[in-house]
Structure formats: structure tokens, C-alpha cells
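The values are calculated or read from the model by the stated rules, or taken from the named source; none is laboratory data. Predicted, not measured: the structure shown is a model, and the values here were computed from it. Counting neighbours? That spans all protein chains shown, and the Cβs are built from the backbone with ideal geometry, glycine included. Surface accessibility is based on the protein's heavy atoms, side chains included, excluding ligands, DNA and RNA. Shrake-Rupley method; radii C 1.70, N 1.55, O 1.52, S 1.80 Å.
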Amino acid sequence: MKGLFRYIPPMSSDYAGVCSALYELGGMVIIHNPSGCFRTYSYVDEPRWFDKQSLIFSSGLCDNDVIFGTGDTLVGQIIALWQNVKSPFIALVGTPIPALTGTDLEEISRKIMDRIPVPVFFYHTTGFGSYTEGVSEAFLSLARHFLSHPAVKVPSSINIIGSTPLDCGSSCYIDAIHQLFERAGIQIIADWSMNGNLEHIGRSTSALANIVISHTGLPLAEYMEEEYGIPYLAAVPVGHYITSYMIEWVSNLREGIGHAEGILSRKKQNPSLHPDRILIIAEPVLCYSIKQCLVNDGGYTDVVSASLNSIPGNQCLPGLALDYLIHTENDLVRLLNNERFEVIIGDPLYERCLPPRKMVNYIPLPHVALSGHIFAKNKYEYVGEEGYQYLLSHLNQ
């Protein structure tokens, strides 16, 4: 049956993406649902839930609410709750039940804004879309409201865009990315949105460039380039080659050289050649970056990239094109059955799709949007020298 999942779960949903993007920004987020979707998000999709507090609530829909409607009652409840927390914004997040009953979140948000002095964002998420759509839409709604043209640009500065646990895992990896750039004398203006805050996000347009570390940040980066003239580079600093290129790219902008040439057009320095065929299954930007690391730092010549995520808006940035875009679990099973790979890098759940008795060197790279909490605290690396050494230690087994 097409679309049936037997070995792996579906990716996190669109409403989980919205909540993940807004989690650390201090806003009051209302998931409009009977509490089932709220529990799925908090217990499965959100690794920060038990360690870091956030103002995320469930509206607690009941049968009568669905039958008779909840508009005015919900407005009153949200305003009463806001009077206690005084958050800088409110977000109304849709789920399958309000989508099926036709709840007008836009009208509810308008009524709330008529009575309190903070912005109210609404997201017609349905639970049937991907987290990619939710994260991207949350970022764009914040940008349209809170960003403005800066008085001055901060030299040698960047924003980190696309950082959520769904794609990036623990905040320790964002800290490691910070340290790489700061050691090179590059200032981080804002994180969108792990380890970030609304005040820093409001200053984002003073940055010289945007570094996009997951595909969910691409629509925001495109918006900021179009509206504020801020260039962006989509890559994760994995290993030596791509890290040095990213630092050089920002330095060239600082010195007025302009956009550096694309990574794929640079001369590749392969210290040695390896015959192993490697498959990477990961978020697209990380997948691309690991492939560049293995080819240029490790000398591997046959590296195949695959992902269950497509680039938002069907963009195909140079170098980000995947060898395989996996639409269904059947696509993944066919790929693993029909192709020969000596090494596979990916979330441990993908290993379930391998045919029986097929021997491969499997390198775990957890993807929270797929496996949730299960492997979120496992020890693994992908940033900088530590990321390269992690891959190398498993490749040499």
C-alpha cells in the first residue's frame, strides 16, 4: 500500500514545527486541540520539554466545543491567561480537529488583538503537513512583524538560521557552531531560534550575512535577502573543508569582495581515495555538508545523498540537489535493497529498512524529527573537527 509506514514513523507534523520554532522566544503558544496533539508534541517531538520551560498550552477542546464552537470562549480564556504571563506575542496553532471543523483562527486572533496590545500570529496547520512547513512559516511570521531596516550594519557578523531540535538535535551542537565562528572573529547576532531570544531576532537585519543550517530556514533566508539585501549560505560546518570555506565566505563579504564562488566549484583536495560506497540519509543541508566533508576531507569518491525532506518551495540551490529524494518508506526500502552500500549514515530507525542479512557499516546520526526522544541524547557529533573525527572513527571500523 503506497504511503504505508511499517518500519519507520512519519516525520514530525506541521504544528510541531511551529511550536519547535517558537519554543524559546518567550511567546504564549496555544495548540488548539483536545490535548492529544499537545501530548504528541511535548512527549515525542520536543527534547527540551523536560529541561527548559516554555509558554506552550493546549486549548483542551471537548465534544461540546466541536459541536457548538469555541470562538468567544477561547478568546476570553486566552486573554485571561495572557494577563498572567504578559508574553510579547501570542501564537494560535491549528491541529486536525479545528481544521476539520473549519475553525477561523484568523478571526479569533483579530478579536484578541482588539483587546490586548501584542501581536497574535495564527497558523492554519492541520497535522497532515510536514514540520518543514511549520518551522518555515513560524520564522516568516516573526520576520514580517519584528524585523526592520537597521541603522548600521555590524561588521563580520552573521545570523544562524534554521536551528531547531527537530533537525539539529541538542543545543550543544549550536553552541559548537557558535564557537567555530567566534574563534574566527565572527559575531553571532541572532539564532533562529535555538538558544535565541526575541530581542536578538529583532536585531537580525544588522548582520552581514545569514548562515542557514537546515532546509527549514531557507524561506526566511530568501525573504531577508529580498527585503534587506542580506546574502546567505546554506551549509553546516562539518570537518575542515566546509568550515574553512564558510569562514572565508563571511570574511570576503566583510572585505567587500562580494559573494564567494559556490562550494562545488572550488578545487577539491583529496588526500586519499577510498573505494567504499557511502549513503547519507539526513536533513538536506546537513546531508550536503557531510557529503562535502567525506569527499574533500576524507577522499571518498562515491558518496550518495538522500533525504525524506524536500527543499521548501521546491528550491534547488546549487549543491543542495539530492541524489535521492525519498517520498515514501517504499522508496527507502527499494533504495536499500537495490543499491550496494558499504556504509550508511543516518538515524538508527532507518536500519530497520535494511534487508535481512545485509551487512553494512551503519553510522548513527539521529534525526529528532523522525525518531523523537529515542536517540536524542545518544553520543554523536557532526560539527567541526569533532564531527569529522566521529565519522572517521566509525568509517575505520
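Summarising the label geometry, the points placed 7 Å from Cα in the beta-carbon direction at ARG6 and VAL85 lie 4.3 nm from one another.
Could you work out what % of the accessible surface of the chain is carbon and sulfur, using a 1.4 angstrom probe and leaving DNA, RNA and ligands out of the count? Result for the chain: 52 percent of the exposed heavy-atom area is carbon or sulfur.
Annotation: per residue accessible area for the chain equals 42 Å², rounded to a whole number [probe 1.4 Å, protein chains only]. Annotation for VAL360 and GLU342: the two label points, set 7 Å from Cα along the Cα-Cβ direction, are 1.5 nm apart. For a straight C-alpha distance cut-off of 20 angstrom, the aspartates and glutamates reachable from LYS358 (same-chain residues fewer than eight places away being disregarded) are ASP276, ASP302, GLU329, ASP331, GLU339, GLU342, ASP347. Taking a Cβ cut-off of under 14 Å around LEU22, the surrounding Lys, Arg, Asp and Glu residues balance to a net charge of -4, with basic ones at +1 and acidic ones at -1. Shown here for segment 110-147: chymotrypsin sites (Phe, Trp or Tyr not before Pro) in loop regions (DSSP other than H, G, I, E, B) with at most 15 other Cβ atoms within 10 Å, namely PHE128.
Checked against a 25 Å cut-off, the cross-linked pairs LYS52/LYS377; LYS86/LYS377; LYS52/LYS153; LYS52/LYS86; LYS52/LYS111; LYS86/LYS111 give Cα-Cα distances beyond that limit for LYS86/LYS377; LYS52/LYS153; LYS52/LYS111. Comparing Cα centroids, segment 13-55 and segment 153-183 end up 22 angstrom apart. Between the C-alpha center of segment 320-362 and that of segment 201-222 there is a gap of 32 Å. Within the shell of other residues whose beta carbon sits under 13 angstrom from the beta carbon of ILE8, the net charge comes to -2, with Lys and Arg scored +1 and Asp and Glu -1. Counting Lys and Arg as +1 and Asp and Glu as -1 over every other residue whose Cβ lies under 15 Å from the Cβ of VAL304, the net charge comes to -2. Taken along the Cα-to-beta-carbon direction at a fixed 7 Å, the label points for ARG39 and LEU325 span 3.6 nm.
Accessible surface for ILE311 stands near 20 Å², nearest 10, in the context of the full protein assembly shown (1.4 Å probe). Computing Rg and Dmax of the Cα atoms in Å directly from the structure and comparing it against (i) 21.7, 69; (ii) 20.9, 61; (iii) 32.9, 103 singles out (i). TYR324 contributes an accessible area of around 80 Å² to the protein surface, as traced by a 1.4 Å probe with all chains present.
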